[in-house]
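So the structure is just underneath, and the comments pick up after that.
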Amino acid sequence: MLIAFLIVFAILAKAGWPMIMGAVEQRNTHISDSLLAAEEANNALAGIEQKRQETMAAAQAEQIKIMKESQDLKTQLIEEAKTQARQEAEKIVADARLKIEKEQAEALAEIKNEVVALSIEMAEKLLQRELNDKQSQADYIEQLLLNNNQPRIEA
């Protein structure tokens, strides 16, 4: 039995052992290559993750910048609208003041004209009443000539 074992061992050592060792070596090489590929994939994945984080940080920074710019623009537009509204209101008030002053001046002039017309009418009626006859008229004219006074109409 020992001889049979040695013969089988010799055949296996000459023909089978190199095949088994080759298969084991091939398997070790394949496992080593797979581990290297997995490590490279992990490194690549870590690089991609870092790049993703950097991209996300840049996107968030850009988002914050855009939001700040839009807020600044909003504030600026509101201020411009307020300024424009204030200017429009001031212009409307100034126009209204000018119109009121013009209407006031026109009303004052009209009142003055009415007062003058009423004064003339009253003076005319007064003179007509006092100078009904020719003797009264002659006396009044003589008095004016002597005193060199002219009748004054004040408005």
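Nothing in this text is a laboratory measurement; each read-out follows from the coordinates by a stated rule. Computed from a predicted model, the values in this text were never measured in an experiment. Cβ placement follows ideal geometry from the backbone for every residue including glycine, while neighbour counts extend to all protein chains displayed.
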For every other residue with a beta carbon closer than 11 angstrom to the beta carbon of Q104, add +1 if it is Lys or Arg and -1 if Asp or Glu, then tell me the sum. -1
Using Cα-only point scatterers and the Debye equation, what is log10 of I(q)/I(0) for the chain at each q in 0.09, 0.18 Å⁻¹, rounded to two decimals? -0.79, -1.15
Across the stretch 3-19, in residue order, what do the Karplus-derived ³J(HN,Hα) couplings come to in whole Hz, using 6.51 cos²θ - 1.76 cosθ + 1.60 with θ = phi - 60° and x for Gly and Pro? 5, 5, 5, 5, 5, 5, 5, 5, 5, 5, 5, 7, 10, x, 5, x, 5
Sequence order, the stretch 55-68: Karplus ³J(HN,Hα) from phi using 6.51 cos²θ - 1.76 cosθ + 1.60, θ = phi - 60°, Hz rounded, Gly and Pro as x, gives 5, 5, 5, 5, 5, 5, 5, 5, 4, 4, 4, 5, 5, 5
Counting only other residues whose beta carbon sits under 13 Å from that of I66, what net charge do I get with K and R as +1, D and E as -1? 0
Stick to Cα atoms and the Kirkwood definition of Rh, then tell me Rg/Rh for the stretch 42-109. 1.69
Once phi is turned into θ = phi - 60°, what whole-Hz ³J(HN,Hα) does the Karplus curve with 6.51, -1.76 and 1.60 give for every residue of the stretch 106-123, x standing for Gly and Pro? 5, 5, 5, 5, 5, 5, 4, 4, 5, 4, 4, 5, 5, 5, 5, 5, 5, 5
Taking the Cα centre of the stretch 13-119 as the origin and placing charges on Cβ (Lys, Arg +1; Asp, Glu -1), which of L36, V116, M56 is farthest toward the positive end of the dipole? L36
Put +1 on the Cβ of every Lys and Arg and -1 on every Asp and Glu Cβ in the chain; which of A46, I100, V24 then has its Cα farthest towards the positive end of the dipole? V24
Toy charge model, Lys and Arg Cβ at +1, Asp and Glu Cβ at -1: the chain dipole around Cα centroid in debye, rounded to 20, equals 1140
Per 10 Å bin, what is the whole-percent P(r) computed from every C-alpha pair distance within the stretch 7-83? 15, 16, 14, 13, 11, 9, 8, 6, 4, 3, 1
